[in-house]
Ligand code: PMP
Ligand code: GLN
């Protein structure tokens with residue numbers, strides 16, 4: 001049977017491929033981004049509590065109100081923004097769902113959407129599914145900064161949306177105040193919409209202020225701001241996230257969300273609402289927690305032949321391996337996994353047109369023993 005794919009260029013994601021190869025090879029998995037340590041006992045016992053107490057039927061379509069209220073309180077605390085939990089906050093099945101739904105809410109056939117490469121892998125397919133055209137702007141090593149002049153030049157009469165991701169996966173780049181202001185100016189001037197993917201919002205290092213589209217009022221008025229509890233509470237497998245957007249945008253978002261999943265995993269929503277109400281310090285400690293991991297991983301690799309790139313946020317570390325091998329990054333990652341039993345992610349797969357560089361991504365959201373064992377191997381290459 002012949003079948004015309006809507007996504008002819010799309011295969012299995014690099015995250016599935018590398019995690020599968022790592023498992024097959026019994027390699028240390030620093031590829032796909034997920035912690036290898038447990039979430040807090042309190043959170044796990046709250047999930048068990050709510051599941052055993054019968055909180056197992058459909059949650060309200062936009063999420064349980066106590067969780068939306070806690071999200072609103074968190075935004076107030078972190079960014080001084082006041083949002084309406086009833087109208088402007090929607091709980092989703094992970095940030096992935098929120099991104100697809102927000103893109104679907106905005107993008108019509110023929111619309112152009114600006115994205116920055118290396119781009120998180122779900123953006124371009126979600127744009128394509130809606131008949132839109134992704135306009136890729138490449139960011140490059142070592143610091144992956146956006147040239148806002150270049151962005152202004154890429155805007156056409158068809159540009160509808162710009163998708164940003166700060167702290168940025170995979171580069172670890174974090175937007176400055178000037179970046180946010182430049183973005184806001186363009187969005188306002190050209191009447192664009194913005195999706196701000198902030199799943200690593202609580203992981204910014206070296207004392208940098210936590211910035212967010214939430215802090216820029218005119219930008220926030222035209223933005224869908226997306227975050228993930230998977231990242232914040234070390235529970236990527238729970239697939240719970242949320243989208244914050246002004247009421248008119250949230251209304252459209254919910255029209256689609258209600259037919260994608262209708263609602264998200266109920267007992268976890270109650271557990272997370274309690275965590276935010278009673279243990280929000282866990283969120284506020286996240287930056288220090290991961291900064292320590294970034295620093296210890298970089299100390300462990302100091303005597304290796306990898307050259308580490310700057311990492312201002314996220315739980316990813318880019319490394320240039322050109323002193324070790326001439327292989328391209330996809331081949332290098334396979335070689336590293338199969339021959340040396342450490343898995344990483346090649347950078348080129350996040351580009352439409354990859355620069356000629358030898359850079360891979362390691363995830364350092366791992367226990368000290370895992371990072372030590374990986375570093376021992378990596379230092380011998
Ligand atoms: N955006 C970025 C930049 C990510 O790294 C991830 C990764 N996990 C997601 C979105 C998706 O988050 P979730 O697991 O909550 O769907
Ligand atoms: N966000 C994770 C990463 O960047 C992967 C999520 C996924 O596998 N879809 O590694």
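Laid out as a table, the results:
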quantity	calculated
Reduced Cα scattering model of segment 167-313, Debye log10 I(q)/I(0), q = 0.09, 0.20 Å⁻¹	-0.36, -1.32
Helical mean residue ellipticity (222 nm; -39500 (n - 2.57) per DSSP H run of 4+; nearest 500) of the chain	-12500 deg cm²/dmol
Cubic angstrom per residue, convex hull over Cα atoms of segment 78-168	136
FRET efficiency for residue 181 and residue 277, using Cβ-Cβ distance with R0 set to 45 Å, rounded to 0.05	0.85
Value of relative contact order over the chain, rounded to a whole percent, pairs C-alpha under 8 Å and six or more apart	25
Cα pair distances of segment 201-265 binned at 5 Å [whole percent]	4, 15, 19, 21, 20, 15, 5, 2, 0
Model label zone, residue 323; criterion: amide N under 17 Å from point 7 Å along Cα-to-beta-carbon; scope segment 362-381	375-381
Packing-based exposure ordering (other Cβ within 10 Å, fewest first) of 68, 158, 222	158, 222, 68
Cα centroid separation, segment 58-96 to segment 202-259 (Å)	9
Sorted by Cβ density within 10 Å, fewest first, the residues 197, 121	121, 197
Descending Cα extents along the principal axes, segment 1-54, whole Å	50, 33, 16
FRET efficiency for residue 218 and residue 84, using Cβ-Cβ distance with R0 set to 22 Å, rounded to 0.05	0.75
Alpha-carbon spread of segment 167-243, three principal axes, descending order, Å	39, 27, 20
FRET E, pair residue 288, residue 121, Förster distance 41 Å, beta-carbon r, rounded to 0.05	0.90
Fewest-first ranking of 281, 218, using other Cβ atoms within 10 Å as the exposure measure	281, 218
Tail fraction, Cα-Cα pairs, the chain, threshold 26 Å, whole percent	52
Computed over segment 251-379, Cα set: Rg, Dmax in Å	19.3, 54
Scattering profile of segment 1-94 at q = 0.12, 0.13, 0.15, 0.21 Å⁻¹ [log10 I(q)/I(0), Debye over alpha-carbon scatterers]	-0.77, -0.86, -0.98, -1.04
Segment 7-154: mean projected area of Cα convex hull, nm²	13.7
For segment 144-200, diffusion coefficient by Stokes-Einstein and Kirkwood Rh (Cα), 37 °C, 0.692 mPa s, µm²/s	277
Cα-based equivalent ellipsoid, segment 310-381: semi-axes from gyration tensor eigenvalues, Å	20, 16, 10
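Rule-based calculations on the coordinates, nothing more; no lab input. What you see is a predicted model; the values in this text were computed from it and never measured. Cβ coordinates were reconstructed from backbone atoms using ideal geometry, including for glycine residues, and neighbour counts include every protein chain displayed.
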